[in-house]
Amino acid sequence: MSVLSQFDVRGRSALVTGAASGIGLAYAEAMAEGGARVTLTDIDAEGAEREAARLRDEGHEVRAARLDVTDRAEHTAVFDAHAAAYGGLDIVFANAGIDPGAGFWNPAGHRNPEGQFDTFAVERWDRTMAINLTGVFNTFREAARLMKPQGRGSMIATSSNAAEICEPIVGQAYMPAKAGVAHMVRHLALELAAYGIRVNAIAPGPFVTNIGGGWLRDPQVRAAWDHLVPLGRIADTEQIKGLALYLASDAG
């Protein structure tokens, strides 16, 4: 086996959550460009179908489905439809996530009254946990159901460097949710190894995406983040495709 052949995902099937834009779309593009058959899922069904249609026009085998990652019944239906269309599930990216809003500092380094621990809206906490942590659990649960009988598979979550460090301008709920994802991945990697299933997480730093309404496109916010990165700039989603392909393929 040549080293390059280890990165070959042609003919495999992949499902990506939160794939209508941003990092999830980059994952889906990486899989499709690598020759995998892909289902793009998102609560934004129109956005997922729009991107799927674009990829089909480029010659890739791609479909789209609406998926609210907090809805377990919807998960089961979407995963079963994917398996029926593509003969199983080889790769899953549990990527869907939201921004819980402003943290206790604003980008200028001043205290944000609405982002303090004792004033942070509990509704924002509950919604962030439901999507960013329990949503990953729901996605991986369905993936394991399909992958265990096959004796193979690659499961990849989007965690964050915020799982390890404090991000004062990010809402309180984001850090513990992403830390929970990171530890879930460690646990599942140990549990599912016996079934030939690999479980990993990608932990990005700041990327220019639509999360939080595209707030990283705000020049003041962008400047604050650029200042924190040793290279002097935050990342573009194109730059994560190689890592996604690595973890999805046998090279992982």
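The values are calculated or read from the model by the stated rules, or taken from the named source; none is laboratory data. None of these values were measured; they are calculated from a predicted model. When we count neighbours, we look across all protein chains shown, and the Cβ atoms used for this are built from the backbone with ideal geometry, even at glycine. Areas reflect the complete protein model, heavy atoms only, side chains present, ligands, DNA and RNA absent. Shrake-Rupley method; radii C 1.70, N 1.55, O 1.52, S 1.80 Å.
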- Note on the structure: Normalised per residue, the volume inside the convex hull of the alpha-carbon atoms of the range 186-252 in Å³ amounts to 120 Å³
- Label points 7 Å out from Cα along the Cβ direction at E61 and Q116: separation in nm? 5.8 nm
- For L15, enumerate residues with amide H under 5 Å from its amide H, sequence gap 5+ or separate chain, H modeled in the peptide plane. T39, I91, V92, F93
- Semi-axes of the equivalent ellipsoid of the chain: what are they in whole Å, largest first, if each equals the square root of 5 times a C-alpha gyration tensor eigenvalue? 30, 19, 18
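Classify the range 113-252: rounded, prolate or oblate, from the alpha-carbon gyration tensor (a ≥ b ≥ c, eigenvalue square roots; a/c under 1.5 rounded; otherwise prolate if a/b is larger than b/c)?
Oblate is the answer for the range 113-252, as a/c is 1.5 or above yet b/c matches or exceeds a/b.
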- Note on the structure: Residue-normalised value, i.e. accessible area per residue, for the chain at 1.4 Å probe, in Å², stands at 46 Å²
- Exposed loop GluC sites (Glu not before Pro) only (DSSP loop, at most 15 other Cβ atoms within 10 Å): please give the longest stretch of the chain free of them, not including the sites. 62-163
- Task: With a cut-off of at most 14 other beta carbons within 10 Å, and DSSP calling the residue loop, which chymotrypsin sites (Phe, Trp or Tyr not before Pro) in the range 95-169 qualify? Please list them.
- Result: F117
- Message: Given a 1.4 Å probe and heavy atoms of the protein chains only, how would you sort L188, L15, largest accessible area at the top?
- Response: L188, L15
- Tilt relative to the chain, helix 174-192 - C-alpha long axis, 0 to 90 degrees, to 10: 30 degrees
- Mind jotting down the distance between the C-alpha centroids of the range 25-74 and the range 224-238, whole Å? 27 Å
- Query: Excluding ligands and nucleic acids, what accessible area in Å² is computed for L231 using a 1.4 Å probe, to the nearest 10?
  - Reply: 140 Å²
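How big is the dipole moment of the range 107-236 about its Cα centre under a simple scheme where the beta carbon of each Lys and Arg is +1, that of each Asp and Glu is -1, and everything else is neutral? Debye, nearest 20, please. Please list the in-between numbers first.
Numbers: 13 positive and 11 negative charges, 104 e Å.
Result for the range 107-236 is approximately 500 debye, rounded to the nearest 20.
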- Message: Please report the carbon-and-sulfur percent of the accessible area for the chain; probe 1.4 Å, protein heavy atoms only, DNA, RNA and ligands left out.
- Response: 55 percent
- Message: With viscosity set to 0.692 mPa s at 37 °C, what whole-number translational diffusion coefficient in µm²/s follows for the range 32-72 from Stokes-Einstein and a Kirkwood radius over Cα pairs?
- Response: 317 µm²/s
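Count neighbours as other Cβ atoms within 10 Å of each site's Cβ, and list the trypsin sites (Lys or Arg not before Pro) in the range 185-252 that are DSSP loop with at most 13 such neighbours.
Those that pass, being in a loop and sparsely packed, are R233.
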- Message: For a quick check of understanding: with a 1.4 angstrom probe and all protein chains in place, what accessible area in square angstrom does H183 have, to the nearest ten?
- Response: 120 Å²
- Query: Picking from A77, F93, G11, whose Cα lies most toward the positive end of the charge dipole for the range 1-127 (charges on Cβ: Lys, Arg +1; Asp, Glu -1)?
  - Reply: G11
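Remind me, relative contact order of the range 42-162 in percent, using alpha carbon pairs under 8 angstrom and six or more residues apart?
In percent, rounded to a whole number, it is 28.
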- Query: In nm, what is the difference between 0.36 nm times the number of residues separating V229 and W125 and their Cα-Cα distance?
  - Reply: 34.7 nm
- Using +1 on the beta carbon of Lys and Arg, -1 on that of Asp and Glu, and nothing else charged, what's the dipole of the range 48-176 about the Cα centre, debye to 20? 300 debye
- Residue-level accessible surface for D80, protein heavy atoms, 1.4 Å, Å²: 70 Å²
- Item | Histogram of C-alpha separations across the range 25-157, 5 Å bin width, % | 2, 10, 17, 19, 16, 11, 9, 7, 6, 3, 0
